[in-house]
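The values are calculated or read from the model by the stated rules, or taken from the named source; none is laboratory data. Not measured: the values here are computed from a predicted model. FYI the Cβ positions are ideal-geometry reconstructions off the backbone, even for glycines, and counts take in every protein chain you see. Accessible surface areas use protein heavy atoms only, side chains included; no ligands, DNA or RNA. Shrake-Rupley method; radii C 1.70, N 1.55, O 1.52, S 1.80 Å.
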Amino acid sequence: QSEGATGKPFVHYWMHNGFINVDNQKMSKSLGNFFTVRDIAKEFDLEAVRMFMLGAQYRSPINFSREMIEQAKASLDRLYTARDHYLFLLQNAKDGEPGEKELALLEKVKAAREGFDEAMDDDLNTADALSAIFELTREINAYNGAHQDATRAFLTAAHDLFMELTGVLNLVQKRDDAVDPDAEKIEELIAQRAAAKKAKDFAEADRIRGVLADMGVTIKDTRQGTQWSRS
């Protein structure tokens with residue numbers, strides 16, 4: 001009817017998603033386990049819900065449970081942590097051309113892209129596409145853990161690909177541009193802790209770490225400096 005009325009093709013592809021189960025039961029009004037996206041949004045961040053839904057191929061049944069959403073949120077947090085870590089390393093990276101080890105790893109980075117593309121071409125297999133992103137993250141983190149003097153060119157390539165792939169799935173796109181109201185105090189405490197460590201006053205350094213922890217701040221020491229984030 002639509003094509004007859006408009007003279008144009010109505011649709012090129014039909015996609016039928018799997019049923020949604022709730023705690024291993026089919027969602028239905030008769031069972032009283034029916035809810036809408038608006039209902040979920042009152043309890044969960046919708047990006048975590050997106051992460052949860054991407055964890056299954058769209059034609060497969062999805063079993064909704066609060067435990068599964070929490071797991072998806074934890075996985076999403078891991079991706080945000082990776083992004084923030086890339087940005088921190090980039091701020092302190094050295095200039096120069098990638099070395100032999102970095103060039104070899106960049107080939108693995110390209111393999112992650114290929115794995116992502118293959119998964120998405122395989123009837124939108126978003127679960128395997130996410131696996132490719134996490135594999136990329138593991139490779140980069142393992143390298144940075146052993147070689148914390150990575151070049152800016154290498155880190156830029158890794159960061160850009162990470163953001164490109166997560167962007168396809170519309171994940172890890174939020175940016176908290178608001179300045180932490182305690183940022184200046186936190187930076188000052190971190191500087192005091194660094195001075196205490198340099199003076200080998202480790203008791204004072206531990207005390208300051210405790211103060212930061214009480215403020216809800218987690219710190220991580222790297223060769224590029226101390227990275228902090230809200231717990």
Exposed chymotrypsin sites (Phe, Trp or Tyr not before Pro) being those in a DSSP loop with at most 12 other Cβ atoms within 10 Å, the longest stretch of the chain free of them is 35-231
GNM on the chain, Cα springs under 10 Å; top mean-square fluctuation among ASP182, ASP123, ASP84 goes to ASP182
Gyration tensor on Cα atoms of region 71-188, a ≥ b ≥ c root eigenvalues, a/c under 1.5 rounded, else prolate if a/b beats b/c, else oblate, says oblate
Here the gain from full extension of GLU188 to GLU67, 0.36 nm per residue of separation minus their alpha-carbon distance, amounts to 39.7 nm
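Please figure out what share of the DSSP beta bridges in the chain is antiparallel and state it in percent, rounded to the nearest 5.
Bridges in the chain that DSSP calls antiparallel: roughly 65 percent.
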Relative contact order of region 1-68 (C-alpha contacts under 8 Å, at least 6 apart) in percent is 44 percent
So the carbon and sulfur contribution to the accessible area of region 49-126, 1.4 Å probe, in percent, is 51 percent
Per-residue ellipticity at 222 nm attributable to helices in the chain (runs of n ≥ 4 DSSP H, -39500 (n - 2.57) apiece, nearest 500 deg cm²/dmol) works out to -19000 deg cm²/dmol
